[in-house]
Structure formats: structure tokens, C-alpha cells
1. Scan the stretch 47-55 and tell me whether some residue there is out of contact with any Cys (no Cβ under 7 Å at 6 or more places or on another chain), part of a loop (DSSP other than H, G, I, E, B) and farther than 22 Å from residue 150 by Cα.
2. Across the stretch 104-119, what is the total count of residues that are in a strand (DSSP E or B), of a type outside the set (A, V, I, L, M, F, W, C) and either at pLDDT below 95 or over 13 Å from the mean Cα position of the chain (by Cα) (or both)?
3. Give me the strands (runs of 3 or more DSSP E) completely within the stretch 137-187, filtered to those with at least 3 residues that are touching a Pro at 6+ places or on another chain (Cβ under 9 Å), on the phi < 0 side of the Ramachandran plot and modelled with pLDDT of 90 or more, ordered by residue number.
4. Does the stretch 158-165 contain at least one residue that is among the β-branched types (Val, Ile, Thr), closer than 30 Å to residue 97 by Cβ and either in contact (Cβ under 8 Å) with a residue 12 or more places away in the chain or out of contact with any Phe, Trp or Tyr (no Cβ under 8 Å at 6 or more places or on another chain) (or both)?
5. List pairs: first residue in the stretch 116-141 and under 17 Å from residue 164 (Cα atoms), second residue β-branched (Val, Ile, Thr) and surrounded by 15 or more Cβ atoms within 10 Å (Cβ to Cβ) anywhere in the structure, Cβ distance under 7 angstrom, at least six positions apart or on different chains.
6. Being over 17 Å from the mean Cα position of the chain (by Cα) and more than 19 Å from residue 5 (Cβ to Cβ) is the filter here; which residues of the stretch 51-68 pass it?
Amino acid sequence: MTQNVTGDASFNKPAALPLFNDSGAKGTVTLPDEVYFGAAFYPMKDLSFEVGGIWTHWGTYESLTIQYDSLGAVGRSSVTRTKNWNDVWRLYFGVEHHTTDWLDLRAGFVWDQSPIDHGYADYLVPANDRYLICFGPGFKWRNWTLDLSYTYLIITNRDNVAARPLEGVLDSSFDNGNAHMIGCSVGYKF
């Protein structure tokens, strides 16, 4: 899948600085191939365990190029950043209990491997392996379903990101990354 993005690049700068003038910008990213696998086990009628994984071929993501409409944006018509990401795995485990005719209880754990080596880490995406711990109920009423979820995301620390001033990256580390995510979906079966 290829994504084409267009927009505007706006810069806050001193008036005397001749570079970094506002401009239109665009870029293209081709998302990598993925291979999915999974299995579900039912040790009892109302209880299931699920395991699975996703292999993502991020090795195809070698660079990101942003093209500017005018040369004045950064003194040139485009900027390319080397990515050289690695192929990675996302492994997960889940359990679901069909508690009553109207209630299912679910919990899960995900290990999401980072594709980014230290030498290519930047500020665009969370920069290291992630762990997700999630749980939530699912409700049923006639043909309607309501699923609620809570996920706690932990991003492991990354130290010693070396400075690359020409790319806008300073000596950095990523510490204490986490997020709380809440989900809700409503469905109707015809």
C-alpha cells in the first residue's frame, strides 16, 4: 500500500534567516509487506486462548523524502532522511471468557519489537520496543454489540541516540514512555 501525503510546511524563524520559508510539501511512503499467523484454543466451552504474531518487512523502508514546492523552504527542493529499518515481530497472547449470554471478558498482552536501530532513531515515532497490556468487556443485546477496552502501553527506554545535527537529531534518550488508551466500538449484526 502506498500513501501519498500533501500539506504545508510552516517554519517559525527570525526574519533575517533566508532559509526555511513556508512552502507546500508532499511525500510518499510505501507500507511494508506483513505476514500474520494465529491460533485459538478452547480448553473449555466458554474459554479461549489465542496466540499469534505479525512479521513486518520494514527492511524495505530505506528512506523518507519530503519534496517542497519552492526552493526557499529549506534552500533545496527536497530533503531525504535515511531510515534503514529492520524486519520485526509483533507477538501477542489473549484470553476470552464467555461469562454470560450478554457478557464476554477479555485480556491480552502484546510485545511489539521496534524496527529502528540506534543510528537511525529520530523523533517521528516511539523509538523502542513496546509492551501493551489490555483488558475489557464485550456486551451483547439482541443484534447489538458494545466492546470496551483499556490498554496500557509501555515503551522501553532507549539510551545513547547519537547526534545527527544535519537531520535535526540531538544527543538523546527516550525514557518513561507510556500511554493509556481507551477504546469503544458499537456493532450491529444484520
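1. Taking every residue of the stretch 47-55 in turn, none turns out to be out of contact with any Cys (no Cβ under 7 Å at 6 or more places or on another chain), part of a loop (DSSP other than H, G, I, E, B) and farther than 22 Å from residue 150 by Cα.
2. Count: 3.
3. Because the criterion is at least 3 residues that are touching a Pro at 6+ places or on another chain (Cβ under 9 Å), on the phi < 0 side of the Ramachandran plot and modelled with pLDDT of 90 or more, the strands (runs of 3 or more DSSP E) in the stretch 137-187 that meet it are 144-155.
4. no
5. 118/161; 121/161; 122/169; 127/116
6. 51, 52, listed by residue number.
A quick yes/no check of all residues on (1) under 26 Å from residue 111 (Cα atoms); (2) among the charged types (D, E, K, R); (3) exposed (fewer than 13 other Cβ atoms within 10 Å of the Cβ); (4) in contact with an Asp or Glu (Cβ under 7 Å, 6 or more places away or on another chain):
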site	(1), (2), (3), (4)
1	yes, no, yes, no
9	no, no, no, yes
12	no, no, yes, no
19	no, no, yes, no
61	yes, no, no, no
67	no, no, no, no
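The values are calculated or read from the model by the stated rules, or taken from the named source; none is laboratory data. Computed from a predicted model, the values in this text were never measured in an experiment. We place every Cβ from the backbone using ideal geometry, glycine too, and count neighbours over all the protein chains shown.
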